[in-house]
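Heads up, the thing below is written out as structure tokens.
The values are calculated or read from the model by the stated rules, or taken from the named source; none is laboratory data. For clarity, every value in this text was computed on a predicted model and none was experimentally measured. Using ideal geometry, Cβ is built from the backbone for each residue, glycine included, and neighbour counts are taken over all protein chains shown. These area figures cover heavy atoms from the full protein model, side chains too; ligands, DNA and RNA do not enter into them. Shrake-Rupley method; radii C 1.70, N 1.55, O 1.52, S 1.80 Å.
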4 protein chains.
Amino acid sequence: MKIYRTDGSGRPDGIRLTEAAVPRPGPGEIAVRMRAVSLNYLDLKVIAGTFPGGRSGLVPLSDGAGEVLETGAGVAAWSAGDRVVTTFFPRWQAGPITEAARAVIPGSTADGVLQEVVILREDAVVAAPAHLDWGQAACLPCAGLTGWQVLTGARPVLPGEIVLVQGTGGVSLFALQFARAAGARVIATSSSPAKAGRLRAMGAEAVIDYRQTPDWGDAVRRATGGQGADHIIEIGEAGTLEQAIRAAATGAQINLIGRPVGAPRVDPAILMLAMGASYRRIAVGNQADFKAMNRALSALRIEPVIDRRFGPQAISEALRYGAERGQFGKIVIHLDEDA
Amino acid sequence: MKIYRTDGSGRPDGIRLTEAAVPRPGPGEIAVRMRAVSLNYLDLKVIAGTFPGGRSGLVPLSDGAGEVLETGAGVAAWSAGDRVVTTFFPRWQAGPITEAARAVIPGSTADGVLQEVVILREDAVVAAPAHLDWGQAACLPCAGLTGWQVLTGARPVLPGEIVLVQGTGGVSLFALQFARAAGARVIATSSSPAKAGRLRAMGAEAVIDYRQTPDWGDAVRRATGGQGADHIIEIGEAGTLEQAIRAAATGAQINLIGRPVGAPRVDPAILMLAMGASYRRIAVGNQADFKAMNRALSALRIEPVIDRRFGPQAISEALRYGAERGQFGKIVIHLDEDA
Amino acid sequence: MKIYRTDGSGRPDGIRLTEAAVPRPGPGEIAVRMRAVSLNYLDLKVIAGTFPGGRSGLVPLSDGAGEVLETGAGVAAWSAGDRVVTTFFPRWQAGPITEAARAVIPGSTADGVLQEVVILREDAVVAAPAHLDWGQAACLPCAGLTGWQVLTGARPVLPGEIVLVQGTGGVSLFALQFARAAGARVIATSSSPAKAGRLRAMGAEAVIDYRQTPDWGDAVRRATGGQGADHIIEIGEAGTLEQAIRAAATGAQINLIGRPVGAPRVDPAILMLAMGASYRRIAVGNQADFKAMNRALSALRIEPVIDRRFGPQAISEALRYGAERGQFGKIVIHLDEDA
Amino acid sequence: MKIYRTDGSGRPDGIRLTEAAVPRPGPGEIAVRMRAVSLNYLDLKVIAGTFPGGRSGLVPLSDGAGEVLETGAGVAAWSAGDRVVTTFFPRWQAGPITEAARAVIPGSTADGVLQEVVILREDAVVAAPAHLDWGQAACLPCAGLTGWQVLTGARPVLPGEIVLVQGTGGVSLFALQFARAAGARVIATSSSPAKAGRLRAMGAEAVIDYRQTPDWGDAVRRATGGQGADHIIEIGEAGTLEQAIRAAATGAQINLIGRPVGAPRVDPAILMLAMGASYRRIAVGNQADFKAMNRALSALRIEPVIDRRFGPQAISEALRYGAERGQFGKIVIHLDEDA
């Protein structure tokens, strides 16, 4: 079978194809035939060699969907043919995150899913929602579940509350969909008029152009009659945190996601501004959260937003496309020849 | 002006009309011209003299909507002409309920709103949602806010979760609307095929006939693929608690509303059944909750379900109609002659 | 090695001794040499055959402490010689309880710990606190962890708040110790003057005799200056729930533990009394809770209260003693010949 | 009577004495004879004119304790002679903070308590704990209640958990006392060996010298066996946030207090480090919190730590002493001549 590994070249598409025998599951394990995978920013950094601790020879990518090929001894939860999705933290079943749960991340601290057959512990996957195709299901593990967390803070999202999302990455679009599903009003930011239109079509009641309006935090506040946003997905890019805090309502909940690299500097006094505010450093989510999200996806027939799908012959192209970072939603690679 | 008071007759329509000068607000008070009021089961018991501690000569009814006529010294929050709604617990602004907050309930422990002009503390009312007429706004203080609490428990309602509501009283219909607004699936109970149809039209995915199916708790469980309901509005009638608990998913949240009278007996062992379940004794809600509910009503343009509206000449008729307890939604009395 | 199994006789000490080869752990499993076990009321019902679903031939008892003898393939968490404690729900690692977690209870739905060597999954045990001997550690899995839950409700216990515990069973004494550790005031109930003295010595500021004062709920309220208890451990015996609710402060949290058998009847209207109250059906706890409890035990050097210790030759005597239900704290059986 | 007002000089002791007739309470108000006041850093900035929006002629200081002299019409809660404490946010009774509640801060946005008699709304004070003298009670409104918040986050402090406090200001010492009262372990920081000794005497199990150990975050982690602190009081001085985050356990709760002035810069990527962490911007607290704190103070006989007490003739001296910022605990001024 085909296995892709990082080649250490530092190129955005720095992977090489290798071959190996199809592996067999041990006790408590399953073999999953991967049908589709999706890209996250972290994956791109791992492949480009800019992720601290990344190494050459790693099987990249954390997120995939596929079919159970074979089950090992003692596996009761799954049967051959079951449609499953992988998880970002395979050791994190439920409850708060732990040191042990954080240690294993496929495609980053352990081999990932860019291979035709993957061996996984039986509790490392969840059932794929029936209404989603392989590519859609592959969008869920990191971006989907991170976006879902907007609904799971200490302060729940109530209908009529205001959620602020930034940009058009996978997490932000999922958060927009989930916030709308929960009856919230959504304000979004984008510098592209075309993307702004698509955000409005997805239910954003206002879209603010952060290039034309560098003080977009105040613009959010104005767009909400002065009160500000109750829940914020903060993506951690240059200057965004300060604007997010300026956009925050008294008592707002600010969900911190994103990337601890090359970060600009912010005045910590800013953190003191939003009286009563709380900040949460989100770590994707656990399997119990994942199942709750899948219930919502199924009940409301929500479909992930896919920017572009690639076939197995176009993996390098997909990686280069992802590195451009201009997408609206997720980038998906189908691993079946006929996809 | 006209004031109605309980007459001590014990009849369902046991009120008498009196006249008085229009009162003037003192410091920190406002005078409100009541435009519409709505009926709750508690009101009917007060009028019929079956509510413990009720007394003859009380101005009945807790819930009303009207217009600010005049403001007293020092009132900054309101101006003449403002559209406001009264509150069930006028002394409960925010946070958990207190002994002091419980002590004052208009129409029950203090004079209520069945009078043309009511004097209230300025913090005893909230702004009426702009999209609601007087009669719709008058439905909110008790039934609306109690139904809203389904969303405010320690365990939040998430999209895709299952909410169980019982019957077609005001609280249950509000809870159904709010649960749907929050993306939840709803299961309802009713013994009337006609009402079942209306419940489905409002978004209930299944309606169970509790007369034909006395073990309706198990029926709910079957209707949910065996898992049971995650959130339950329990109305406290004969035998309902036991069925509600049988319907409950592991870890369910059961919201107890209703009426501590003539209660049947239940085996407390039943309470032990639902492993991980939590029960909350709901006490309507506070003004901060009320404002949050109004945000939701406004954002989603939700309208209360009114069974029937009566004019000021038909108050006795309205009370008798309410006492039959067959309604689908709220019963409203408009106090304007031309209503 | 020695294995004890229920003999189906229905006697309080209805077990029989069998012999078997010492078992070996499979992949992911450990073999534990049991050093001590403790008794819970559930165990006594299983042995007496009064627990629904109980069966003859089962290895009884859920709670034990011992030493890791051998580890199976792939076990990283433990080494031979480690001191460990078993768990009541071995499949419940963290987060809310699930159907799957509830299904496996040693000594009840699966073979338990009354045997010299037990094979367990590596995640089915936690480390024993270093300051506790084998008998003390064996008290923790069910009674200790259930008592700990008084601190983990949606409403946390704050210093200065009032916790009500009932009687002198293992759970109630642990709850008393944990409540005191958290800075709470404690009120207890007991019908024995001698036990009342011991409860006071453990930090209860008042002990109410529920025999002399059948309306002890009101007595609790009086003892707290009229406000009532903020947190209650309700043990589910005849009439206790009603008194507990009468003892409850506005907004109290009532933790339901105990035994769904032979229950008396209660007016559900009682549930409606305690405005703002919440009730939680406690299900012992998960492994993450267990570790948190052990941190507290270790930091504060808390020792479980043991009523009486028995040696391996006196198992039947211990069971009969437990069936008398007059103890103050836990009953422990040491399984070492020299204990 | 004597009233002190800021004199606009910009000096640390920039106040001037004025005289006025003793004021009388209006409806719903009380007159309080101030017996003692305490200093907070915010007060010192207001007096020195470095607090944005501060103005000359303001009566400074937010925190005081005194005796009810007279009650206005309609006041039921208080009688002459009652011992009361003022509140930092007099309009914030309960629940989350609101814009309206934030608007009124005595000594900052409104006249404060440095005057012999103060007129207050009846709900702007709470009862003083009986075991505290005037000076001790005057320490509570800002520093006491802010320190209390360490116990009230979305993640409660459990016995055995680790709380990190910084320095020896009033808030940190209260937090230390409350954390210990709740059974937590405490780690503190101080650059003074003498103060470190006093911190240890108050129950800190380790005190880290942040001057000798600039990377004190890692030192905290080492002192806790590698796991880090579960709860942190972050005081917002130069570089402290970064160290606090480095000290944080997975899933820690970081309470942000302090001063949005002259802040150094921090890499926001730091915020991303503590996976699962949450941050709360604390805003002192409301009256319901205050009463809960007073219950704890009374039940556990906790006494505020006072660095130094001054008499009414030494107000300027007290202000200059406070401006040196070297205290261990609170600085109190007694307003009685014979104090």
Would you confirm whether any residue within the range A:134-155 is within 27 Å of A:Tyr279 (Cα to Cα), hydroxyl-bearing (Ser, Thr, Tyr) and free of Cβ contacts under 8 Å to residues at least 60 places away in the same chain?
no
Within the range A:162-177, residues open to solvent by 10 Å² or more (accessible area, probe 1.4 Å) and within 21 Å of B:Arg185 (Cβ to Cβ) come out as A:Gln177
Consider C:Arg180 against the criteria (1) under 28 Å from D:Ala296 (Cα atoms); (2) open to solvent by less than 10 Å² (accessible area, probe 1.4 Å): it satisfies all of them except one. Which criterion is unmet?
(2)
The residue from B:Thr87, B:Thr109 that alone is away from chain D (no Cβ under 12 Å), out of contact with any helix residue (DSSP H, G or I) (no Cβ under 6 Å at 6 or more places or on another chain) and within 25 Å of B:Lys2 (Cβ to Cβ) is B:Thr109
Based on what the data block shows, is A:Val117 modelled with pLDDT of 95 or more, open to solvent by less than 10 Å² (accessible area, probe 1.4 Å) and more than 25 Å from A:Ile15 (Cβ to Cβ)?
no
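Residue by residue, here is whether (1) modelled with pLDDT under 95; (2) closer than 30 Å to B:Pro96 by Cβ; (3) more than 18 Å from the chain's Cα centre (by Cα) holds:
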{"residue": "C:Val125", "(1), (2), (3)": "no, no, no"}
{"residue": "C:Glu161", "(1), (2), (3)": "no, yes, yes"}
{"residue": "C:Val165", "(1), (2), (3)": "no, yes, no"}
{"residue": "C:Gly170", "(1), (2), (3)": "no, no, no"}
{"residue": "C:Ala204", "(1), (2), (3)": "no, yes, yes"}
Go through (1) modelled with pLDDT under 95; (2) over 22 Å from C:Trp92 (Cα atoms); (3) not in a loop (DSSP other than H, G, I, E, B) one by one and return the number of the condition A:Ala101 breaks.
(2)
Conditions (1) open to solvent by 20 Å² or more (accessible area, probe 1.4 Å); (2) touching an Asp or Glu at 6+ places or on another chain (Cβ under 7 Å); (3) closer than 24 Å to A:Ala20 by Cβ; (4) within 14 Å of chain C (Cβ to nearest Cβ): number failed by A:Val104:
(2)
All positions within the range B:315-330 that are more than 19 Å from B:His131 (Cα to Cα) and surrounded by 15 or more Cβ atoms within 10 Å (Cβ to Cβ)
B:Ile315, B:Ser316, B:Ala318, B:Leu319, B:Tyr321, B:Gly322, B:Ala323, B:Gln327, B:Phe328
Out of all the residues in the range D:88-101, which are under 12 Å from D:Asp123 (Cα atoms) and open to solvent by 40 Å² or more (accessible area, probe 1.4 Å)?
D:Arg91, D:Gln93
Determine whether the range A:204-219 contains at least one residue that is closer than 30 Å to B:Asp289 by Cα and within 12 Å of another protein chain (Cβ to nearest Cβ).
yes
Select from the range D:139-159 the residues that are surrounded by fewer than 24 Cβ atoms within 10 Å (Cβ to Cβ) and not polar (S, T, N, Q) and write down the one among them that is nearest to D:Thr250 (Cα to Cα).
D:Arg155
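Table: residues versus (1) in a loop (DSSP other than H, G, I, E, B); (2) among the charged types (D, E, K, R); (3) away from chain D (no Cβ under 14 Å).
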position: C:Tyr279; (1), (2), (3): no, no, yes
position: C:Leu297; (1), (2), (3): no, no, no
position: C:Ala318; (1), (2), (3): no, no, yes
position: C:Gly326; (1), (2), (3): yes, no, yes
position: C:Ile331; (1), (2), (3): no, no, yes
The correct count of residues that are part of a loop (DSSP other than H, G, I, E, B) and open to solvent by less than 40 Å² (accessible area, probe 1.4 Å) in the range C:4-19 is 2
B:Leu335 - would you say it is of a type in the set (A, V, I, L, M) and open to solvent by 50 Å² or more (accessible area, probe 1.4 Å)?
no
Give me the pairs, please: first residue somewhere in the range A:194-215 and over 19 Å from A:Ala184 (Cα atoms) and open to solvent by 70 Å² or more (accessible area, probe 1.4 Å), second residue anywhere and of a type in the set (Gly, Ala, Ser) and part of a loop (DSSP other than H, G, I, E, B), beta-carbon distance under 7 Å, and either six or more positions apart or on two chains.
A:Tyr210/A:Ser191; A:Arg211/A:Ser191
Looking at the range B:185-214 only, could you name the residues that are in contact with a Gly (Cβ under 7 Å, 6 or more places away or on another chain) and aliphatic (A, V, I, L, M)?
B:Val186
Out of (1) closer than 30 Å to C:Val150 by Cβ; (2) outside any loop (DSSP other than H, G, I, E, B); (3) out of contact with any Lys or Arg (no Cβ under 7 Å at 6 or more places or on another chain), what's the single condition that is false for D:Glu205?
(3)
With respect to C:Met293, determine if the residue is modelled with pLDDT under 95 and either in a strand (DSSP E or B) or buried (at least 18 other Cβ atoms within 10 Å of the Cβ) (or both).
no
Does the range A:61-68 contain any residue that is surrounded by 19 or more Cβ atoms within 10 Å (Cβ to Cβ) and within 14 Å of chain C (Cβ to nearest Cβ)?
no
Under the condition of being in contact (Cβ under 8 Å) with a residue 12 or more places away in the chain and over 18 Å from the mean Cα position of the chain (by Cα), which residue from the range B:77-93 is nearest to D:Ala101 (Cα to Cα)?
B:Ala77
Of D:Val37, D:Val46, D:Val85, D:Val22, the only residue that is buried (at least 18 other Cβ atoms within 10 Å of the Cβ) and not in a strand (DSSP E or B) is D:Val46
Can you tell me which condition A:Pro304 does not meet? The list is (1) surrounded by fewer than 20 Cβ atoms within 10 Å (Cβ to Cβ); (2) in contact with a Lys or Arg (Cβ under 7 Å, 6 or more places away or on another chain), and all the others hold.
(1)
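Residue-by-condition table, conditions (1) under 22 Å from the mean Cα position of the chain (by Cα); (2) part of a loop (DSSP other than H, G, I, E, B):
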| position | (1), (2) |
| --- | --- |
| C:Leu42 | yes, no |
| C:Leu58 | yes, yes |
| C:Gly66 | yes, no |
| C:Glu70 | no, no |
